[in-house]
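The structure under discussion appears below in the form of structure tokens.
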Amino acid sequence: MESTLSIIKPDAVAKNVIGKIVDRFESNGLKIAAMKKVQLSQADAEAFYAVHASRPFFGELVSFMISGPVVIMVLEGENAVLKNRDLMGATNPKEAAKGTIRADFADSIDANAVHGSDSLENAKIEIDFFFARREIL
Ligand code: UDP
């Protein structure tokens, strides 16, 4: 059993497709162990994406992530980290496989609907960043 962090980004929240995205997870064997809708502050977004601080798109990524509320979840299940990445599809929706969340709901490489932890190690760090143990059930 693994846990991973998922974020429905501001573009997808604005499109009113929270339920459709959550259904992808539940229909594919992942359980929602924690869930909350949050308006990230600039400090939150900068800290969460600190690994990308030196990338040219960092400023725009932070601005985008604070442009509206996000929905943050802990997903639980067998191979949850990889399963979530498969369900998400490639970072650039133009390259995302048919039927993936990004192919169906994302507009561009920056407004790409969802975040998902890319390793078990990062999943633990990201879950701890957003959730207290008592919020994960
Ligand atoms: N991103 C961007 N421009 C790029 C590459 C990435 O705006 O050229 C954003 C995009 O929102 C992406 C996030 O930065 O989801 C993190 O990038 P990463 O390469 O880790 O992609 P992911 O793990 O989200 O697929």
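Computed from the coordinates by the stated procedures, all read-outs in this text should not be read as laboratory data. Note that the structure is predicted; figures quoted are calculated from it, not measured. Quick reminder, even Gly has a Cβ in these numbers, built from the backbone with ideal geometry, and neighbours come from all protein chains shown.
Just flag the GluC sites (Glu not before Pro) in region 56-137 sitting in loop per DSSP whose Cβ has no more than 11 other Cβ atoms within 10 Å.
Those satisfying the criteria are 78.
Sequence neighbours fewer than 8 away in the same chain don't count; with that in mind, list the lysines whose C-alpha is under 16 Å from residue 9.
Cross-link targets: 20, 36, 37.
Name the chymotrypsin sites (Phe, Trp or Tyr not before Pro) in region 22-63 that are in a loop by DSSP and that have at most 12 other C-beta atoms within 10 Å, would you?
Answer in residue order: 57.
With a cap of 10 neighbouring Cβ atoms within 10 Å, and only residues DSSP puts in a loop, list the trypsin sites (Lys or Arg not before Pro) found in region 64-137.
Qualifying residues, ordered by number: 98.
So if I take the centroid of the Cα atoms in region 46-107 and the same for region 7-23, what is the distance between those two points in Å?
12
If contacts are Cα pairs under 8 angstrom and at least 6 residues apart, what is the relative contact order of the chain in percent?
38 percent.
Suppose the chain between residue 128 and residue 43 were pulled fully straight at 0.36 nm per residue; how much longer would it get relative to their current alpha carbon spacing?
Between residue 128 and residue 43, full extension yields an extra 29.0 nm.
Give the Cα extents of the chain along the principal axes, in whole Å, largest first.
Principal-axis extents of the Cα atoms in the chain, largest first: 36, 35, 26 Å.
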